[in-house]
Amino acid sequence: MRLAGLLDPAAPVASVLSTWDAGEWEFAVEDVAEILSDRHTPLLRTDRAAVLELAAAFGVSAKAASALRWCPDLEADDEWWREIEGSPRAAAVEGELSLEIAPGHTLHGIELTPWLECGACDDVLVRLDDENARSGRARYQVAVIHPAWSRQPEPPPWPSTVLFDQALDALDRLESCFRGALEADAPFVD
């Protein structure tokens, strides 16, 4: 399975290959897409197309396409989101949010991990790190927050915040923001 070469060596490639060898091809293809997605693996367009073609052949194209949305396009001139988790940028965002989120705000007192940043505006996708999610008993909730960058507490409901139960819904929000910015920059055609 050539696509297994796209996976990080630390990934559970052996389980994907054993699933493939057992004849459970659709599950193996889903696993490849999910592993790439979980690691936000940057993909060339040809590799993305190969995964999607294989997924279509085994009837799991919708699941694979949804998962691969989390994988940056190596050939894109501009990406509509940037992963910032664990970076100096994430630390700056986290510091700013700790200043801005005042008592009375929906997220006050909740541990946040900045995860993605919109490529068109200051919106940031954060993960709400509660004990149930960390232990695997519940899914992580996420929020899209628009920091004011004021370096001071903001009166609730600022910074503006939208909570999501599913990360894909938040990703849709970042994508629509970026697409809207592209359309706003497009030349007017009569």
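Within region 123-157, the set of residues being in contact with a helix residue (DSSP H, G or I) (Cβ under 7 Å, 6 or more places away or on another chain) and in a loop (DSSP other than H, G, I, E, B) comprises 123, 138, 139, 140, 147, 148, 149, 150, 151, 152, 153. Only residues that are at pLDDT below 90 and touching a strand residue (DSSP E or B) at 6+ places or on another chain (Cβ under 8 Å) were counted in region 96-123, giving 8.
Of the residues that make up region 101-119, is at least one touching a helix residue (DSSP H, G or I) at 6+ places or on another chain (Cβ under 6 Å), crowded, with 18+ Cβ neighbours inside 10 Å, touching a residue at least 12 places away in the same chain (Cβ under 8 Å) and among the β-branched types (Val, Ile, Thr)? The answer is no; no qualifying residue exists.
The values are calculated or read from the model by the stated rules, or taken from the named source; none is laboratory data. This structure is a prediction, so every number in the text was calculated from the model and none was measured. As a convention, Cβ positions derive from the backbone with ideal geometry for all residues, glycine included, and neighbour counts pool all protein chains shown.
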